[in-house]
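Take a look at the structure below.
The values are calculated or read from the model by the stated rules, or taken from the named source; none is laboratory data. Keep in mind that what you see is a predicted model, and the values were worked out from it rather than measured. Using ideal geometry, Cβ is built from the backbone for each residue, glycine included, and neighbour counts are taken over all protein chains shown. Heavy atoms of the whole protein, side chains included, go into the accessibility calculation; ligands, DNA and RNA do not. Shrake-Rupley method; radii C 1.70, N 1.55, O 1.52, S 1.80 Å.
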Amino acid sequence: PYGIEVGLPNRFVKAEAIRNNLKNFTEGRLDIIIGTHRLLSKDVKPRNLGLLIVDEEQRFGVGHKETIKAFKAACDILTLTATPIPRSLHMSLLGIRDISVIATAPTERLSIKTYVGQYQDDLIKRAIEQEIKRGGQVFFVHNRVLDILEMAGRLRKIMPDVTFGVAHGQMKENNVETVIIDFIQQKFSVLVCTTIIESGIDMPNVNTIIINNADRFGLAQLYQMRGRVGRSSRQSYAYFLTAGKLAEREESRQRLEILATHQQLGAGFQIASYDMEMRGTGNLLGGEQSGHMEDIGYEMFLDLLEKEMAAVRGQEREPDIEPEIKIPISASLPESFIPQEKQRLALYKSLFSAQAVADIDRLRRETTDRFGNLPKEAYNLFQVAFLKVLLRKMRVEQLQILKPGVFEFRMTQLK
């Protein structure tokens with residue numbers, strides 16, 4: 001009704017229609033074109049491109065990103081994703097790109113209850129039957145086309161009364177479309193599929209997803225697939241199943257633990273942050289999407305990059321001051337107070353990276369609420385952190401006690 005011409009080139013459209021769409025878009029007779037990676041081909045040359053919107057950014061590799069960069073001089077680019085890849089997130093955190101986070105969930109949405117465990121026929125049977133009893137449907141993700149029909153047969157054998165369908169990317173276009181439409185129309189209860197359902201699927205009646213061999217997927221990919229359920233006001237469930245024990249596979253276990261811990265709505269940003277920490281941030285100007293900085297360390301890399309960016313922008317950056325405090329007192333977080341080592345390390349890091357007194361007060365209240373009254377060593381630690389914030393503001397590099405009542409300060413030389 002607005003007089004806007006929209007084209008849709010994809011594999012469900014005839015080749016002749018695709019050619020006409022691309023020709024009209026090149027000649028300026030088509031206002032909006034919506035497509036997959038096909039739009040990044042060399043034969044797509046828009047006449048006057050003003051806006052490029054990239055949805056599901058995590059599905060685009062570095063090669064595609066380099067192609068997209070070519071548009072930047074001539075148009076605005078809006079990138080949308082629930083889980084940005086490490087390099088994109090890193091660029092946003094550094095201020096190279098603008099970022100906006102939507103953390104508010106749609107009305108009446110519930111968080112997805114997530115379970116991690118080993119593959120068991122009984123567990124799968126209970127999960128599927130529980131969903132079917134309440135009138136819902138199930139995704140069963142098995143990302144191996146080679147034996148996906150065999151897996152579907154195994155499930156039929158366990159549950160002969162349940163109806164199943166199979167979908168994967170190597171099926172003919174019409175067959176895939178028929179299976180998906182039949183599933184939407186609830187002609188069968190369980191869709192055994194590959195990661196073909198990872199994005200673009202919105203089926204409010206599907207509220208249980210079971211992912212087989214979940215330890216073989218990446219963190220962002222698991223989060224995306226979990227997001228295929230829970231798209232209504234009904235409670236939804238996600239089961240991440242592994243073939244064996246995860247104890248020997250540290251990274252796989254860590255990925256699944258992160259997902260099991262972050263079940264709340266809008267957790268994509270935190271999960272993407274963990275993904276960046278695990279995979280590295282990649283090269284900002286090169287072709288590598290992920291990488292490592294063992295030579296200089298992550299903190300120093302960030303510091304060097306921030307200094308260079310400030311220099312490029314013509315901003316004067318004050319030298320970082322890390323005050324050294326030499327006071328003969330015991331200041332620590334005792335194991336008897338906070339038993340978990342990870343929690344103690346996280347609190348140490350938060351305390352000594354705090355930039356304001358208000359941050360120290362907030363951390364003290366949170367710690368007291370979670371673990372009880374501070375023991376003497378912990379109280380002293382908070383006081384030292386408080387003192388460090390004040391010394392940093394005063395540009396004091398070192399504070400030590402020479403003898404009772406006599407303090408020595410060493411200040412930073414001002415230019």
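Need one number for the range 324-415: average projected area of the convex hull over its C-alpha atoms, nm².
6.8
Among 223-233, 368-378, how do they line up from the highest to the lowest mean number of other beta-carbon atoms within 10 Å?
Order by mean packing, descending: 223-233, 368-378.
Given the pairs 307/403; 45/307; 69/113; 133/157; 113/187; 42/172, which span a C-alpha to C-alpha distance of over 29 angstrom in this model?
Beyond 29 Å between Cα atoms: 307/403; 45/307; 69/113.
Residues with amide H under 5 Å of residue 7's amide H, sequence separation 5 or more or different chain, H placed in the peptide plane at 1.01 Å from N; which?
For residue 7, the qualifying residues are 32, 33, 34.
Roughly what percent of Cα-Cα pairs across the range 80-177 reach past 17 Å? The partial results should precede the final answer.
Numbers: 3317 of 4753 pairs.
When every Cα pair of the range 80-177 is considered, 70 percent fall beyond 17 Å.
May I ask you to derive the FRET efficiency for residue 34 and residue 125 from their Cβ-Cβ distance with R0 = 30 Å, giving the value to the nearest 0.05?
According to the calculation, E is roughly 0.15.
Using every alpha carbon pair in the range 131-196, what percent of pairs falls into each 10 Å bin from 0 up to the bin containing the largest distance?
P(r) for the range 131-196, in whole percents per bin: 21, 56, 23, 1.
Determine, from the Cβ-Cβ distance of residue 101 and residue 181 and an R0 of 51 Å, the FRET efficiency 1/(1 + (r/R0)^6), rounded to the nearest 0.05.
0.90
Need one word for the range 374-415: rounded, prolate or oblate. Basis is the Cα gyration tensor (sqrt eigenvalues a ≥ b ≥ c); a/c below 1.5 gives rounded, then a/b vs b/c decides.
oblate
Can you pull the Kirkwood radius for the chain, inverse mean 1/r over Cα pairs, to one decimal in Å? Don't skip to the answer; put the middle values down first.
Working: mean 1/r = 0.0388 Å⁻¹.
Result for the chain, one decimal place: 25.8 Å.
Show me the ranking of peptides 116-124, 234-242 by mean Cβ neighbours inside 10 Å, starting with the highest.
Final packing ranking: 234-242, 116-124.
Ignoring everything except DSSP H segments at least 4 long, calculate the 222 nm mean residue ellipticity for the chain; use -39,500 (n - 2.57) per segment, divide by total residues, nearest 500.
Value at 222 nm, helices only: -12000 deg cm²/dmol.
Highest first, please rank the peptides 104-113, 208-217 by the mean number of other Cβ atoms sitting within 10 Å of their residues. Write down the numbers at each step before the final one.
Details: 104-113: 12.7, 208-217: 21.5.
Highest mean packing first, the order is 208-217, 104-113.
Before I look further, what does the chain give for accessible area per residue, probe 1.4 Å, in whole square angstrom?
60
How would the range 101-259 be classified by its alpha-carbon gyration tensor: rounded, prolate or oblate, with rounded meaning a/c under 1.5 and the a/b versus b/c comparison settling the rest? Could the numbers behind the result be given before it?
Values: a/c = 1.37, a/b = 1.10, b/c = 1.25.
Cα axes put the range 101-259 in the rounded bin.
Sticking with the crude label model, points 7 Å out along Cα→Cβ, report the distance from residue 380 to residue 49 in nm, one decimal please.
So the two model labels end up 6.3 nm from each other.
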